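**Q** Here it is: the structure, laid out below.
FYI, it's all coordinate maths here, none of it is from the lab. Only a predicted model underlies this, so the values are computations on that prediction, with no experimental measurement involved. Please note: Cβ atoms are built from the backbone with ideal geometry, for glycine as well, and neighbour counts cover all protein chains shown.
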Amino acid sequence: MNKIQKQRLAWRTGFFLLFILAPVLDLFRFDLEQNHFYFLTFPWTLGIDAFRNGEISALEMALNMGLRFFLPLALIVGIGIWVAWKWGRLYCGWLCPHFSVVETINHFMRKASGKLSIWDREALPEHQADGTHVHVEKKWWWATGLVIVGFSFVWAVVLLTYLLPPREIYYNLFHGELTRNQALFIGVATFLFVIEFTAARHLFCRFGCVIGLAQSLVWMGNKKALVVGFDRARSTQCTECDASCEHACPMRLKPRSIKRKMFT
């Protein structure tokens, strides 16, 4: 693993931990019981109830809407558009907790079947030009299945903690006292994630994720955007090319194709 891939792994791991801990630490979550957000441990309200009760004026309500809703939304969207325009799907490759799961399952599935996706027609070569060797053994399917189910369960529980008090959810979970609705949410969500992580994870990233698709469309608008280049000084190596760049791509893209064919 080269330096850049190690950096990506560190960033993805850190952000995945943040994804799990954010609701626990009240860094960011929406509480359905109190009907407002928590941001950096503080209640993040627009003051709608206070306005209805006559506790704040219309001007104060308007300021709340501008400073606590429209301004943060504009900053997030604006920064996201600028980053995507310049670097493409940087968030997907370096931070996204879903894509962290995708790459992890890729690793185990390749060991089990020689493929990164069940939809790949041909197995990847066990030997790569960079010296990488992956020995395929069917016994890795057990580990692959456990990883898929484990990540699916974690995602289901964590998503619930973004909507209900995390202490309540984890206490009920560890003591076997989940309410009917809590158990139903976790069970159904886990089942759906198992299907998605097994069969559709690449397809979801490429075509189903709104955030990812928006980044792709913005990136397409930049004629000088970062793309995979061709090193003419090493062109002779292409005569015996083993398509290592295609085998290495976790999104199952063909990096040597033209930009508009790989915008996803």
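**Q** Below 21 Å Cα-Cα, how many Lys pairs turn up in the chain? Only count pairs eight or more apart in sequence, or on different chains, if you could.
**A** Lysine pairs, 8 or more places apart or on different chains, close enough: 17.
**Q** FRET efficiency for D49 and F69, Cβ-Cβ distance as r, R0 = 25 Å, nearest 0.05?
**A** E(calc), rounded to 0.05, equals 0.95.
**Q** Now, a different point. Order by neighbour count: C241, C249, C92, fewest other Cβ atoms within 10 Å first, most last. It would help to have the intermediate numbers written out before the result.
**A** Details: C241 11, C249 15, C92 21.
Taking fewest neighbouring Cβ atoms as first place, the list is C241, C249, C92.
**Q** What FRET efficiency would be calculated for the residue pair D120, A143, taking the C-beta separation as r and a Förster radius of 22 Å, to the nearest 0.05? It would help to have the intermediate numbers written out before the result.
**A** Numbers: r = 19 Å, r/R0 = 0.86.
Rounded to the nearest 0.05, the efficiency is 0.70.
**Q** Going by average Cβ neighbours within 10 Å, how do the peptides 113-120, 53-60 rank, with the highest at the top?
**A** For the peptides 113-120, 53-60, the packing ranking is 113-120, 53-60.
**Q** Near the amide H of R29, under 5 Å away, which other amide H atoms are found, from residues 5 or more places off or on another chain, if H is placed in the peptide plane?
**A** For R29, the qualifying residues are Y38.
**Q** Spin-label point model (7 Å from Cα, Cβ direction): what's the H107 to L192 distance in nm?
**A** 2.8
**Q** Can you compute the FRET efficiency between H133 and T13 using 1/(1 + (r/R0)^6), with r the Cβ-Cβ distance and R0 = 35 Å? Round to the nearest 0.05. Don't skip to the end; give the middle numbers.
**A** Details: r = 24 Å, r/R0 = 0.69.
It comes to 0.90.
**Q** Tell me whether the chain comes out rounded, prolate or oblate; compute the Cα gyration tensor, take square roots of the eigenvalues as a ≥ b ≥ c, and use a/c under 1.5 as the rounded threshold.
**A** On the way: a/c = 2.97, a/b = 1.50, b/c = 1.98.
Judged from the Cα gyration tensor, the chain comes out oblate (a/c at least 1.5, b/c at or above a/b).
**Q** Additional query: Ranked by Cβ crowding within 10 angstrom, fewest neighbours first, how are Y171, Y91, Y38 ordered?
**A** Y171, Y91, Y38
**Q** Using Cα pairs under 8 angstrom and six or more residues apart, how large is the relative contact order of the range 1-53, in percent? Can you show the working numbers first?
**A** Working: 33 pairs, mean separation 9.8, N = 53.
For the range 1-53, the relative contact order is 18 percent.
**Q** Which of the helices in the chain meet the span-like rule: DSSP H, Cα axial reach of 18 Å or more, Kyte-Doolittle mean at least 0.0?
**A** 3-24, 71-87, 140-161, 180-195
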